[in-house]
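No lab work stands behind these numbers, since they all come straight from the coordinates. For clarity, every value in this text was computed on a predicted model and none was experimentally measured. Reconstructed Cβ throughout: ideal geometry from the backbone, glycine too, with neighbour counts over all protein chains shown.
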Amino acid sequence: MIASYSWTWLTGLKRNRLANPDQKTGNRPICNVALTDRGTVVHLKGHGFVRVFKMVAQDGDIDDRATNDVQMSPLKRQQWAEFEWLIEEYHRSLQQCCGVE
């Protein structure tokens, strides 16, 4: 449905999500795909070609993020991650301070 609106999206991926990095070896879990710092274009089963970024948090946690904007730069991805964090803080504040569930 999102594709019909031509929206750009950035989302987290579970480590077992199937992707094909080179169109030769077939689908395998994204955790087994070598990802570069600038993002790697892979074919994501069910979504077509996407750029996948590996994000390492300060505590060492690793998150894989995917976007349908295959031209997205690491800087733009970082800006989107900051927006995502602001939204998380807003929702947490609503729940803790206002009792909104």
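Hey, got the dipole for the chain? About the Cα centre, +1 on K and R Cβ, -1 on D and E Cβ, debye to the nearest 20?
Details: 13 positive and 12 negative charges, 120 e Å.
Dipole of the chain, to the nearest 20 debye: 580 debye.
Estimate the FRET efficiency between H91 and I62 by the formula 1/(1 + (r/R0)^6), using the beta-carbon distance for r and 22 Å for R0, to the nearest 0.05. Kindly include the intermediate steps, with their values, before the conclusion.
Working: r = 23 Å, r/R0 = 1.06.
The computed FRET efficiency comes out at 0.40.
Among the chymotrypsin sites (Phe, Trp or Tyr not before Pro) found in the range 1-100, those both in a DSSP coil and sparsely packed, with 11 or fewer other Cβ atoms within 10 Å of their Cβ, are W7. Its relative contact order, with pairs defined as Cα atoms under 8 Å and 6+ residues apart, puts the chain at 22 percent. The range 24-41 and the range 56-73 have Cα centres separated by 12 Å. For K24, a cut-off of 17 angstrom between C-alpha atoms picks up these lysines, skipping any fewer than 8 places away in its own chain: K45. Loop sites here are trypsin sites (Lys or Arg not before Pro) outside DSSP states H, G, I, E and B with no more than 14 other Cβ atoms within 10 Å. The longest part of the chain free of them is 46-101. Compactness of the chain is given as radius of gyration and Dmax, 15.4, 52 Å, from Cα positions.
Each label point was placed 7 Å from the Cα along the Cα-to-Cβ direction; for F83 and S6 their separation is 1.7 nm. Computed 3J(HN,Hα) for the range 27-34, one whole-Hz value per residue from the Karplus formula 6.51 cos²θ - 1.76 cosθ + 1.60 where θ = phi - 60°, is 6, 8, x, 4, 5, 9, 9, 6, glycine and proline marked x.
For R77, what charge total do you get from the other residues with a beta carbon under 14 Å from its beta carbon, if Lys and Arg give +1 and Asp and Glu give -1?
Values: positive: R38, R51, K54, R65, K76; negative: D37, D63, D64, D69, E82, E84.
That works out to -1.
Springs between Cα atoms under 10 Å define the GNM used for the chain, and in it the highest mean-square fluctuation of I62, I87, I30 occurs at I87.
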